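A.B. asks: My structure is below; once you've seen it, I'll send some questions.
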Amino acid sequence: MMDFTPFPKLSRLTSSCCITEKLDGTNAQVVISPTVETDREDPSVTVKLALDGLDPVTIRVGSRNRWITPGKETDNYGFAGWVRDHAIELSGLGVGQHFGEWYGNGIQRGYGLKEKRFALFNVDRWGAHNPNTPACCSVVPILYRGAYSDVAINDAMLSLHDCGSFAVPFFQNPEGVVVYLKSARTLFKKTFEHDTGKWRAAA
């Protein structure tokens, strides 16, 4: 008998959205899991922690498409080494997969920084409203929350165009925005370099 394939559920276009600044660095992730015996020989492991009063955890570090570990040939702009050095703080993120942008000195547009920074993407979970946000992490700046509309996206782009980066004040060459459409649980991007003509400055 042929398998039945249902029509996919439609997402509501008029749902709420969250618009954040798109940072131009390199995609990064910190994956925290309960430690198991096989972690002993797993080359993807960066750190194993056994803190007083807490269950042991293992920390892995990833770029966009691979596991990375500290070392000249195995890291990605030093992110795995940074995670190793801040492992105790980062363990506060808890078990799960935590995505963000590793950006700053020597990565893409650099933002005029002398150091590198890690900005978490999940603005609903992390930020000033959550005291458990690790001090070594920032969060991508929120430019708008509310009903999805082209006007909201255009206004967010205009704010970046006029004010520069909100993540790094006074840096006047931001990349663009990321739009999270909540009903579809989908991310979209719009950048100044590749979406010319798809946003407009006020006359």
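The values are calculated or read from the model by the stated rules, or taken from the named source; none is laboratory data. Just so we're clear, the structure is a prediction, and the values are computed from it rather than from any experiment. Here Cβ is always computed from backbone atoms with ideal geometry, including for glycine, and neighbour counts include all displayed protein chains.
A.B. asks: Being under 30 Å from Thr191 (Cα atoms) and basic (Lys, Arg) narrows it down to one of Arg66, Arg40, Arg84, so name that one.
C.D. replies: Numbers: Arg40 fails: under 30 Å from Thr191 (Cα atoms); Arg84 fails: under 30 Å from Thr191 (Cα atoms).
Residue meeting the stated conditions: Arg66.
A.B. asks: Return the residues of the stretch 10-26 that are closer than 15 Å to Val177 by Cα and assigned to a strand (DSSP E or B); say none if nothing qualifies.
C.D. replies: If the condition is that a residue be closer than 15 Å to Val177 by Cα and assigned to a strand (DSSP E or B), then Cys17, Cys18, Ile19, Thr20, Glu21, Lys22 are the ones that fit.
A.B. asks: Quick one: in the stretch 58-100, of everything that is of a type in the set (Val, Ile, Thr) and within 15 Å of the chain's Cα centre (by Cα), which residue is surrounded by the most Cβ atoms within 10 Å (Cβ to Cβ)?
C.D. replies: Pass one, the stretch 58-100, residues of a type in the set (Val, Ile, Thr): 58-59, 61, 68-69, 74, 83, 88, 95.
Filter once more, so that each one left must be within 15 Å of the chain's Cα centre (by Cα): 61, 83.
On the way: Val61: 28, Val83: 26.
Looking at residues that are of a type in the set (Val, Ile, Thr) and within 15 Å of the chain's Cα centre (by Cα), I get Val61.
A.B. asks: Another question, then. Among the residues of the stretch 175-186, write down those that are polar (S, T, N, Q) and either surrounded by 13 or more Cβ atoms within 10 Å (Cβ to Cβ) or not in a strand (DSSP E or B) (or both).
C.D. replies: Ser183, the sole residue that qualifies.
A.B. asks: Further question: Give me the pairs, please: first residue somewhere in the stretch 39-58 and without any contact (Cβ under 8 Å) to a residue 60 or more places away in the chain and part of a strand (DSSP E or B), second residue anywhere and surrounded by 12 or more Cβ atoms within 10 Å (Cβ to Cβ) and acidic (Asp, Glu), beta-carbon distance under 7 Å, and either six or more positions apart or on two chains.
C.D. replies: These pairs meet every condition: Val45/Asp39; Lys48/Asp39; Thr58/Asp39.
A.B. asks: Mind listing whichever residues of the stretch 113-148 are surrounded by fewer than 17 Cβ atoms within 10 Å (Cβ to Cβ), touching a strand residue (DSSP E or B) at 6+ places or on another chain (Cβ under 9 Å), in contact (Cβ under 8 Å) with a residue 24 or more places away in the chain and over 30 Å from Leu13 (Cβ atoms)?
C.D. replies: Selection gives Leu113, Cys136.
A.B. asks: Please go through the stretch 25-41 and pick out each residue that is surrounded by fewer than 16 Cβ atoms within 10 Å (Cβ to Cβ) and out of contact with any Ser or Thr (no Cβ under 8 Å at 6 or more places or on another chain).
C.D. replies: The answer is Glu37, Thr38, Arg40, Glu41.
A.B. asks: Right, another one. Do we find a residue being in contact with a Gly (Cβ under 7 Å, 6 or more places away or on another chain) and modelled with pLDDT under 95 anywhere in the stretch 171-188?
C.D. replies: Looking through the stretch 171-188, none of the residues is in contact with a Gly (Cβ under 7 Å, 6 or more places away or on another chain) and modelled with pLDDT under 95.
A.B. asks: Now for a separate question. Mind listing whichever residues of the stretch 104-138 are touching a Cys at 6+ places or on another chain (Cβ under 9 Å) and either among the β-branched types (Val, Ile, Thr) or within 17 Å of Gln172 (Cα to Cα) (or both)? Reasoning before the result, please.
C.D. replies: Quick first cut of the stretch 104-138, residues touching a Cys at 6+ places or on another chain (Cβ under 9 Å) only: 117-120, 123-124, 126.
Across the stretch 104-138, the qualifying residue is only Val123.
For every residue, the table says whether it meets (1) hydrophobic (A, V, I, L, M, F, W, C); (2) more than 14 Å from Cys18 (Cα to Cα); (3) over 19 Å from the mean Cα position of the chain (by Cα).
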{"position": "Glu115", "(1), (2), (3)": "no, yes, no"}
{"position": "Arg125", "(1), (2), (3)": "no, no, no"}
{"position": "His129", "(1), (2), (3)": "no, yes, no"}
{"position": "Leu181", "(1), (2), (3)": "yes, no, no"}
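Results for (1) assigned to a loop (DSSP other than H, G, I, E, B); (2) of a type in the set (Ser, Thr, Tyr); (3) within 18 Å of Thr26 (Cα to Cα), shown as yes or no for each residue.
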{"site": "Trp102", "(1), (2), (3)": "no, no, yes"}
{"site": "Lys114", "(1), (2), (3)": "yes, no, yes"}
{"site": "Arg125", "(1), (2), (3)": "yes, no, no"}
{"site": "His129", "(1), (2), (3)": "yes, no, no"}
{"site": "Val151", "(1), (2), (3)": "no, no, no"}
{"site": "His161", "(1), (2), (3)": "no, no, no"}
{"site": "Ala167", "(1), (2), (3)": "yes, no, yes"}
{"site": "Phe188", "(1), (2), (3)": "no, no, yes"}
